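Worksheet: the structure to be examined is printed underneath.
The values are calculated or read from the model by the stated rules, or taken from the named source; none is laboratory data. Remember, predicted model here, so these are calculated numbers, not experimental data. Positions of Cβ are generated from backbone atoms using ideal geometry, with glycine treated the same way; all protein chains shown enter the neighbour counts. For the accessible areas, the whole protein counts, side chains as well, though only heavy atoms, and no ligand, DNA or RNA atoms are used. Shrake-Rupley method; radii C 1.70, N 1.55, O 1.52, S 1.80 Å.
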Amino acid sequence: MNNDLTHTNERFSVLSNSSDFLNIILNNISSCVMLLDNELRLRAFNDPLTTIFSNKKNQELLYRKCGEVLGCAHQIEEDSPCGSTSKCNTCEIRISALLSYVENRPVDNENLIKSFVDFDGNREDKHLQFSTRLFKYRDENYIVAIIDDITELKTLQIAKQEMLH
């Protein structure tokens, strides 16, 4: 069976003219993918963002700052804009996104525990793994942030460690 799309060395460039195909792929991966501008405002996102993090509806997400989109507990509890809470200066996602944007420095597979608030107002700590990259498109610079919720995996690892001790 010879299928060009399944050839092991094929790259997605063969599909670069198919935005529908690329959108389907982006919306069916489990990672949250966000495209942020120079002010860390959301410009584009894939479907997992709304199921993993956000406490807002789709139409309320674009052009909001990253912490507001993700439902950052500090931003909500302090009732301050993302970027001006008491914790923003130490936020690993914010620091990594800015490093990627300003210094074109990629950040790969960093881990952190962060508090979020869901649709029902419940606070929850999540274990995250994230990466950020500078992304240039049509003479504009953006940040691509890819975030995975690894809370379940970390919980299982902790439980396993406790069983061994």
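Here are some notes:
- Counted residues, region 99-134 - those being closer than 15 Å to Ile52 by Cα and hydroxyl-bearing (Ser, Thr, Tyr): 1
- Cross-chain or 6+ apart pairs with Cβ under 9 Å, region 137-165 first and touching a residue at least 60 places away in the same chain (Cβ under 8 Å), then loosely packed, with under 11 Cβ neighbours inside 10 Å and of a type outside the set (S, T, N, Q): Tyr142/Lys136
- Only residues that are in a strand (DSSP E or B), of a type in the set (Gly, Ala, Ser) and either open to solvent by 70 Å² or more (accessible area, probe 1.4 Å) or farther than 16 Å from Leu40 by Cβ (or both) were counted in region 101-152, giving 1.
- Check on Glu68, open to solvent by less than 90 Å² (accessible area, probe 1.4 Å) and either out of contact with any Phe, Trp or Tyr (no Cβ under 7 Å at 6 or more places or on another chain) or closer than 18 Å to Pro48 by Cβ (or both): yes
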